[in-house]
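Everything on this sheet refers to the single structure shown next.
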Amino acid sequence: MAFATPFFIFRPMKKIATILFVSFLAFGIQAQETNDKKLTRKEKKEIQKKENNEKLKMLYTLMEGRIWVIRANDVRSINGNSVNVSPDLNFVYATNTTGVVQLAFQELIGMGNNNVGGITIEGEITRYDLKQFRDNQQIECNVQINNVNGGFVVLNISIMSTGSTTVMVSTDDGANFTFSGFIEKQGGDSIIKGSSAK
């Protein structure tokens, strides 16, 4: 019985020591995880930057190949007024040396110069000025298309790593508007091309 008291005193002390050990261990792991998370955030930003740059390189290669289509979901006038439009009817595309620009509205299908509610300009690409690639910078390209029926259209194209694209369109007769949409390789979603303007 002489050893009973120290024995029962020792057990709770051992439990306390164990609890303290586990607590400090858990705290250390938590602190390490917090540091890892901080490091991961920095790494994620760097990884995202590299991934975005790789996407830009792929889009640049697409532009170099001259077989692409920009499908617009928004068109904005020179005064800043904008309206949502159908990507099937509103687009810019290039096929090697041929380019097409179409502006059309579903409500006017069967009308307009192109019979799909707007205007279609098609012709030879006489200028294709693709700016030199720069890391983590938007892609820029200036294009001129000579209409087969006379006149021309100039396109100032800006492309982000997401594929989000803006096209400022200027015609020889003074018309100006801006397409906003996405660029992709031809052969994906269908487009409805009207007859070329005369």
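Throughout, read-outs are computed from the coordinates displayed, never taken from laboratory work. Since we're looking at a predicted model, the values are computed, not measured.
Some notes on this structure:
- Hits among aspartates and glutamates - C-alpha to C-alpha of Lys57 under 16 Å, sequence gap 8 or more where chains match: Asp135, Glu140, Glu184
- Cross-link pairs exceeding 28 Å between alpha carbons, from the set Lys50/Lys131; Lys42/Lys185; Lys42/Lys131; Lys50/Lys193: Lys42/Lys185; Lys42/Lys131; Lys50/Lys193.
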